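The values are calculated or read from the model by the stated rules, or taken from the named source; none is laboratory data. Since the structure is predicted, the reported quantities are computational estimates derived from the model, not experimental observations. Here Cβ is always computed from backbone atoms with ideal geometry, including for glycine, and neighbour counts include all displayed protein chains.
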Ligand SMILES: [Zn+2]
């Protein structure tokens, strides 16, 4: 049985960023589908349910695809195209995890996010990227 599974998955694309994203988004769509049951005679719910289904099928089709070369190229393009969005979410995660110890400031001139330890009162902050100085309350 184990050998048969190994044989089945050998030479296949496996999970990648696109399939992981499509499967997460499909879960989100299923939640929205449940939440919107009864809205517009259930049309909205059906639309989200169908979208979730399409994403699940697409995600598994990618995982089981044997055209690894093509899937990898698509995945690389996807990663490049979504780098801005992913760094945005990574930024949120950093803030949630480090929010107790640090306060985050955005440099007024270059928009770089700067991290300052909390509880130091009003301080002068020097942007590490452009050298701009501004004050902030920590
Ligand atoms: Zn700056």
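Conditions: (1) over 29 Å from residue 7 (Cβ atoms); (2) exposed (fewer than 13 other Cβ atoms within 10 Å of the Cβ); (3) in the same structural domain as residue 8 (by TED's automatic domain parsing). Residue 45 meets all but one. Number of the miss?
Status for residue 45: all satisfied but (2).
Here are the criteria: (1) surrounded by fewer than 12 Cβ atoms within 10 Å (Cβ to Cβ); (2) within 16 Å of the ligand (Cβ to nearest atom). Tell me which single one residue 107 does not satisfy.
Here residue 107 clears every test but (1).
When you go through 69, 60 one by one, which is the residue that is under 25 Å from residue 12 (Cβ atoms), without any contact (Cβ under 8 Å) to a residue 60 or more places away in the chain and surrounded by 11 or more Cβ atoms within 10 Å (Cβ to Cβ)?
After applying the criteria, what remains is 60.
Only one of these conditions is not met by residue 112: (1) within 16 Å of the ligand (Cβ to nearest atom); (2) within 15 Å of the chain's Cα centre (by Cα). Which number is it?
Failing condition for residue 112: (2).
Has the range 89-99 got at least one residue that is part of a helix (DSSP H, G or I), under 30 Å from residue 11 (Cα atoms), more than 16 Å from the ligand (Cβ to nearest atom) and under 23 Å from the mean Cα position of the chain (by Cα)?
Looking for residues that are part of a helix (DSSP H, G or I), under 30 Å from residue 11 (Cα atoms), more than 16 Å from the ligand (Cβ to nearest atom) and under 23 Å from the mean Cα position of the chain (by Cα), one finds none in the range 89-99, hence no.
Would you call residue 128 exposed (fewer than 13 other Cβ atoms within 10 Å of the Cβ), within 16 Å of the ligand (Cβ to nearest atom) and either assigned to a strand (DSSP E or B) or outside the structural domain of residue 16 (by TED's automatic domain parsing) (or both)?
yes
Against the definition (surrounded by fewer than 13 Cβ atoms within 10 Å (Cβ to Cβ), over 28 Å from residue 20 (Cα atoms) and modelled with pLDDT under 95), how does residue 120 come out, yes or no?
yes
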